[in-house]
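Colleague: Dumping the structure here so I can ask a few things about it.
Since every read-out is calculated from the coordinates, none of them should be taken as a lab result. Small disclaimer: the values here were computed from a predicted structure and weren't measured. Counting neighbours? That spans all protein chains shown, and the Cβs are built from the backbone with ideal geometry, glycine included.
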Amino acid sequence: MSESMDADLAIVAEDAHEEDCLVSQSARDGFDLLLQQALKASIVPSGESAEMSVIDDITLISEKKIVVLTVSSYLFRLMVMFHFSPDAATKGHFARLNRVEPADMDEQVFMDAIAECGNLCCGILNRDLGRFFPHLGMSTPNVIDKQCAAYLQKLNAAHIRHFAVDIAGSPRLHVSLCVSAYAGMDFAVSPDEEDVSTGELELF
């Protein structure tokens, strides 16, 4: 390997380390917790429970498409990615979530349901992060190919997390979180705030 390539790799590693240092461990835990709370309120059918776990190997995520939304402030940009495949099992889950018959879940209805689910989840996350950060904005959903997820680290992200969501009677779902920081961040979600009900979120 050439000296110039060694130098380039060292710069990339240094930049990545600097990005990591911008977000405290408490803040990372807070982002993870608030997203998991938002997921439970948006992709889990009413009256049911879900088990959420962290996976380190993105190659375990086999879904072919991703719905991505962003929540941004002056301090950070946060991306939430919902991995999915338009197969019968996944359509069945979103049919159950929306209380419609699976036979009525055609391609357009399915895509609308996934996008609306992403909107609801990120709307809740946006609201809850508003307790710690002012001036937040949220994007509309965009659909991208799964190969794009392999390039997340190119964003010099300070925090990346991949979640598996297991719900009885549904296929395993995967959601990724990517946080890029523009300045140092440190916040903590207190036990009292963890127990706060998500309540109803009105969408327009």
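Colleague: Rank by packing, highest mean first: peptides 143-149, 126-132, 84-90, with packing defined as the count of other Cβ atoms within 10 Å averaged across residues.
Modeller: Working: 143-149: 13.3, 126-132: 17.4, 84-90: 15.3.
The packing order, highest mean first, is 126-132, 84-90, 143-149.
Colleague: Another one. Give me the compactness ratio for segment 26-71, meaning the Cα radius of gyration over 2.2 N^0.38 Å. Before the final figure, lay out the partial values.
Modeller: Values: Rg = 12.6 Å, N = 46, 2.2 N^0.38 = 9.4 Å.
Against the compact-globule rule of thumb, the ratio is 1.34.
Colleague: Work out, step by step, the length gained on full extension between D112 and S85: first 0.36 nm times the residue separation, then minus their alpha carbon distance; give nm to one decimal. Before the final figure, lay out the partial values.
Modeller: Working: separation 27, 0.36 × 27 = 9.72 nm, distance 1.39 nm.
Value of the extension gain: 8.3 nm.
Colleague: How much net charge surrounds A103 when only other residues with a Cβ under 14 Å from its Cβ are counted (Lys, Arg +1; Asp, Glu -1)?
Modeller: On the way: positive: K91, R96, R99; negative: E101, D104, D106, E107.
In short, -1.
Colleague: Is the shape of segment 46-94 best called rounded, prolate or oblate, per the rule: a/c under 1.5 gives rounded, else a/b larger than b/c gives prolate, else oblate, with a ≥ b ≥ c the square roots of the Cα gyration tensor eigenvalues?
Modeller: On the way: a/c = 1.71, a/b = 1.53, b/c = 1.11.
Prolate, because a/c is 1.5 or more and a/b exceeds b/c.
Colleague: Taking K and R as +1 and D and E as -1, what net charge do the other residues with C-beta under 15 Å from the C-beta of V71 add up to? It would help to have the intermediate numbers written out before the result.
Modeller: Values: positive: R77, R127, R131, R161; negative: D32, D128.
Within the 15 Å Cβ shell, the charges total +2.
Colleague: Given the Cα atoms of segment 87-197, and with Rh set as the inverse mean 1/r over their pairs in the Kirkwood sense, what is Rg to Rh to two decimals? Display every interim value, and only then the final one.
Modeller: Numbers: Rg = 16.6 Å, Rh = 16.7 Å.
In segment 87-197, Rg relative to Rh is 1.00.
Colleague: Report the FRET efficiency, 1/(1 + (r/R0)^6), for V100 and A50, where r is their Cβ-Cβ distance and R0 is 22 Å, rounded to 0.05. Walk me through the numbers before you get to the answer.
Modeller: Details: r = 20 Å, r/R0 = 0.93.
For R0 = 22 Å, the calculated efficiency reads 0.60.
Colleague: With the Cα gyration tensor of segment 20-168 in hand, give its eigenvalues times 5 under a square root as the equivalent ellipsoid semi-axes, listed largest first in whole angstrom.
Modeller: On the way: eigenvalues 134, 59, 45 Å².
Ellipsoid half-lengths, sorted descending, are 26, 17, 15 Å.
Colleague: If you don't mind, there's one more thing I want to ask. If you build the convex hull over the alpha carbons only and average its shadow over all orientations, what do you get for segment 114-167? Give it in nm² to one decimal. Each step should come with its number before you reach the end.
Modeller: Details: hull surface 21.0 nm².
Mean orientational projected area (segment 114-167, Cα hull): 5.3 nm².
Colleague: Just to confirm a number: summing +1 for Lys and Arg and -1 for Asp and Glu over residues other than T140 whose beta-carbon lies under 14 angstrom from that of T140, what do you get?
Modeller: Numbers: positive: none; negative: D112, E116.
Here the count lands on -2.
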